[in-house]
1. Carbon and sulfur: what percent of segment 106-216's accessible surface (1.4 Å probe)?
2. Taking 2.2 N^0.38 Å as the expected size of a compact globular protein, what ratio does the Cα radius of gyration of segment 120-186 give against it, to two decimals?
3. If contacts are Cα pairs under 8 angstrom and at least 6 residues apart, what is the relative contact order of the chain in percent?
4. Quick one: which of 142-150, 75-83, 129-137 comes out on top by average Cβ neighbours within 10 Å, and what's the full order, highest first?
5. Assuming 1.002 mPa s and 20 °C, estimate D for segment 155-221 with Stokes-Einstein, Rh taken as the Kirkwood radius over Cα pairs, in µm²/s.
6. Segment 98-128 to segment 225-273: how many Å between their Cα centroids?
7. For the chain, how big is the tail of P(r) above 24 Å, as a whole percent of Cα pairs?
8. Over segment 184-295, what is the relative contact order in percent, taking alpha-carbon pairs closer than 8 angstrom and at least six residues apart?
Amino acid sequence: MNQTDLIELFIKDKIPPIGFGPGIIGYTTRKKKKHGLYLIIDKVINKLFYRTWIEHKYVRAISNAFTIGYRLIDYSSAYGDGRLIGKAIRNSGIKREEFFITTRVSNKAQYKNDVRAEFMKCINGLGVDYVDLLQLHWPVTGLYIDTWREMENLYEEGYVRHLGVANCHEHHLEEILRICKYPPKIGQFEIHPLFTQKHLIEYYKRHGIIVEAYTPIARYDDRLIRLPLLKRLEQKYNKNFIQIILRWHIQNGVIPIIRSLNHKHQHSNFQIFDFQLDHEDMLAIDAININSRLRYDPDNCDFSIL
């Protein structure tokens with residue numbers, strides 16, 4: 001599947017080429033240090049009004065992302081019931097039909113055989129009648145096939161437009177393809193220049209599965225962001241390194257899922273459709289790969305803590 005084919009799929013199924021992941025409320029990979037009076041004020045606010053204040057900031061940040069143009073919402077029941085996401089959607093004034101809403105089945109629901117109840121709780125929280133994509137969050141050993149069958153039931157009942165997977169290796173996907181009535185449409189896994197996963201991407205594409213990348217900028221890993229190559233590309237394209245990496249994903253036919261609750265960063269991250277990386281620069285970024293996984297390996301992890 002080349003870039004042209006991918007764009008045609010985006011248009012046909014109204015799948016946006018970049019995703020916004022609101023994640024868990026209060027979570028950030030980079031905490032800004034506060035000093036002096038700002039630190040005192042922040043502590044007072046947190047103590048007296050923490051929950052209300054942080055929820056307000058979270059909803060406002062998500063609404064801001066929608067205003068900028070993000071339409072693919074990447075969420076999971078593992079993060080909560082989606083109530084605040086639903087509030088942000090309503091606050092935005094944007095029609096539900098313009099969004100491509102994703103949620104995922106948590107590992108907890110798989111262990112408890114509670115997939116349907118969790119899903120219903122999530123769409124009620126989101127305030128929607130259906131989701132555009134329902135994925136496995138993780139292929140929990142011994143359970144993910146039964147989970148998939150329940151996901152297919154929700155699909156047949158009209159609650160889900162597309163089914164997908166996340167964090168699945170080839171052998172997980174092979175098992176699903178062997179038993180499924182409806183094959184996965186979209187697959188999400190860790191991809192970034194330190195861990196390009198070229199072989200797995202090609203495997204998914206051969207099966208007609210669109211690929212999404214989480215951790216697309218490698219969690220600001222120093223081994224990536226300090227590279228002289230990226231500094232040279234920043235100067236060449238007059239773009240920052242995040243924009244360059246996000247553009248690299250898109251030109252590789254991959255949908256990056258990016259998370260920022262900062263309005264300035266949200267806007268900057270979206271400014272990636274007005275330039276194109278040269279072929280040799282794409283190859284140079286590909287060559288950064290050191291096969292460094294930054295998140296969990298689905299073949300070697302404890303699903304009960306994820």
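1. Numbers: 2050 of 4270 Å².
Of all accessible area on segment 106-216, carbon and sulfur atoms account for 48 percent.
2. Numbers: Rg = 11.8 Å, N = 67, 2.2 N^0.38 = 10.9 Å.
Normalised Rg, Cα atoms only: 1.09.
3. Values: 457 pairs, mean separation 58.0, N = 306.
About 19 percent, as a whole number.
4. Numbers: 142-150: 17.3, 75-83: 19.7, 129-137: 23.0.
Ranked from most to least packed, the peptides come out as 129-137, 75-83, 142-150.
5. Working: Rh = 12.8 Å.
Result for D is 167 µm²/s.
6. If you average the Cα positions of each part, the centres end up 31 Å apart.
7. Details: 25185 of 46665 pairs.
Everything past 24 Å amounts to 54 percent.
8. Details: 135 pairs, mean separation 38.4, N = 112.
Value for segment 184-295: 34 percent.
The values are calculated or read from the model by the stated rules, or taken from the named source; none is laboratory data. This is a predicted model, so every value here is computed, not measured. No Cβ is skipped: glycine too gets one built from the backbone with ideal geometry, and neighbour counts run over all protein chains shown. Note: accessible area is taken over every heavy atom of the protein model, side chains too, but ligands, DNA and RNA are not part of it. Shrake-Rupley method; radii C 1.70, N 1.55, O 1.52, S 1.80 Å.
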